[in-house]
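A quick write-up on the structure given underneath.
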Ligand code: DI6
Ligand code: FE
C-alpha cells in the first residue's frame, strides 16, 4: 500500500455538517480520501479522470449515511476506582454537593487515582476510549483533575498522550488541576499558587493543549480562575471553563473576556453571560449526562444561546461522579429530550461545534482538505441517531482515511 492510501467510497449519502448543508436531503456522492484527508467529494459522474486513475482501494457503502467522525469535547476519562457506592448514597437522599463537602466526591476519586500506576490508568482509560470509539468517536478531549498534586496530574496528562499514540483516535489534553482543593492545602488560594507553578513545565513538556478550572462554589472562585487563566495564556495555552453548573459564578463573562475556547455545563448561565460568549466566539458545551445524573431541574438557556448565535456543542462529560456514561449517542438523545435541541443541532454539537470547542479547524465537517475522520451509519437519516436510545447503528468508523 502506498503512503498516500487513496481510497474511494462509493454510494455514500453524505451529511457534511457544514453550516449551509441541507439537513433533509443528503449529498449523494463519492468520497475520495488520500493521505488521511478528504481529497474530493461529489457526484461520481464528475470525478476527474486523474483522481480515478490514482484510486488504490474502493468500498461500496450501499447508500448508507455518512457523517463526520464524532468529537467528544469534554471528558474526564482517566481515573481509578468507581463511585457506585456514592450513587447509592445519593439515591438515599444525600446530594452531590453534600457528599463532596464530607470528603467524598472528587476527593474520593483523587485518593484512588493517586494510588494507581500509569499502566493501570492507561488500561482503564483504553477500555473507556474503546467504548467511545465503538459509537463513532474519532477525537476525544481528556482532562486531568484527579491528581491534585504535581506528580499525579502529570501522570494523568502523560497517560492521555500515550492513549492518543496507542489507539486510532485523536486525544486533546486539558489540564484541570484546579478541579478541587486537596485536603493538604489550607486554602484554595494557596493551592492555586501551586497549580500556577506546575502549569509552565507541563506546557513546556507538550503535555497540555488547554487549561480548565472548575469555577463553582464547591470549586474555585472567578478571581482564582482568572489567576489560572493568566498563567496559561501567558504561555500561549488556550483556556476553557467548567462554568455555572450548580450555581451562577460569573465564570462565563470572565472566560469570554479571556477568549476561552468554551464554557461547559451552563445550567445557571445568565443572559449577560450568553452575550459575552457570543462576542468572544466562545462555544457553549452542554453536558446532558451530568444534568440527568444529578437530577438537575434548571436547563441551560438554549433559546438565548440560539438567538445570540453561540455555537452549541454537546459531550459525554464522562467521569465517575456526575456522568458515568460512555455513550455519545445517548447524549444526542438527551440533548434533544432535556435541552430541546433539534436532531440537526445535536449532531452539529458532536461534530462541527465540538471541533471549535477544541480549537480544531481541520475536522468536524466533511470537506475537501479536512481530515478523513468519518462515521458510516446503518440509518436512512442521521436524525435516527438522536431519535433512538440504547441503539448503536455504527457500520464503520473511518479514522484518518483508514477503513477498519
Ligand atoms: N464537573 C463535573 O460534572 C465533574 N467535574 C466537574 O468539574 C464531576 C467530577 C466528579 O464528580 O468526579
Ligand atoms: Fe466535567
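A few remarks follow.
- The peptide list 231-240, 308-317, 198-207, put in order of mean Cβ contacts within 10 Å with the highest first, becomes 308-317, 231-240, 198-207.
- Spread of Cα-to-Cα distances over 5 Å intervals beginning at zero, given as percent, for segment 207-252: 5, 25, 33, 19, 13, 5, 0
- Packing rank of 277-285, 19-27, where each peptide gets the mean count of other beta carbons within 10 Å, highest leading: 277-285, 19-27
- Here the mean projected area of the convex hull built on the C-alpha positions of segment 1-158 is 14.4 nm².
- Ellipsoid equivalent to segment 347-404 - semi-axes via the Cα gyration tensor, in Å: 21, 15, 9
- Cα centroids of segment 3-37 and segment 330-381: 15 Å apart.
- For the chain, the fraction of alpha-carbon pairs in successive 20 Å shells from zero, as %: 29, 57, 14, 0
- Angle between the chain longest axis and helix 188-204 axis [Cα atoms, degrees, rounded to 10]: 40 degrees
- Based on C-alpha pairs under 8 angstrom that are at least 6 apart in sequence, the chain has a relative contact order of 19 percent.
- Against the chain, whose longest principal axis is taken from its Cα atoms, helix 106-115 shows a tilt of about 80°.
- Values of log10 I(q)/I(0), in the order q = 0.13, 0.20, 0.25 Å⁻¹, for segment 138-180 under a Debye, Cα-only, solvent-free model: -0.25, -0.55, -0.77
- nm² value of the averaged projected area, convex hull over the Cα atoms of segment 226-380: 10.2 nm²
- For the peptides 249-259, 138-148, 42-52, 119-129, residues were scored by their other Cβ atoms within 10 Å and the scores averaged per peptide; the highest-first order is 138-148, 249-259, 119-129, 42-52.
- Using alpha-carbon coordinates, inclination of helix 222-234 to the longest axis of the chain, degrees: 50 degrees
- Pairwise FRET efficiency - residue 183 versus residue 97, Cβ, R0 = 30 Å, nearest 0.05: 0.95
- Estimated at 0.36 nm per residue, the fully extended path between residue 10 and residue 114 surpasses their Cα-Cα distance by 32.5 nm.
- Global form of segment 93-156, assessed from the alpha-carbon gyration tensor, a/c cut-off 1.5: oblate
Quick note: the coordinates plus some simple rules give every number you see, no bench work behind them. Quantities reported herein were computed from a predicted structural model and do not represent experimental measurements. As a convention, Cβ positions derive from the backbone with ideal geometry for all residues, glycine included, and neighbour counts pool all protein chains shown.
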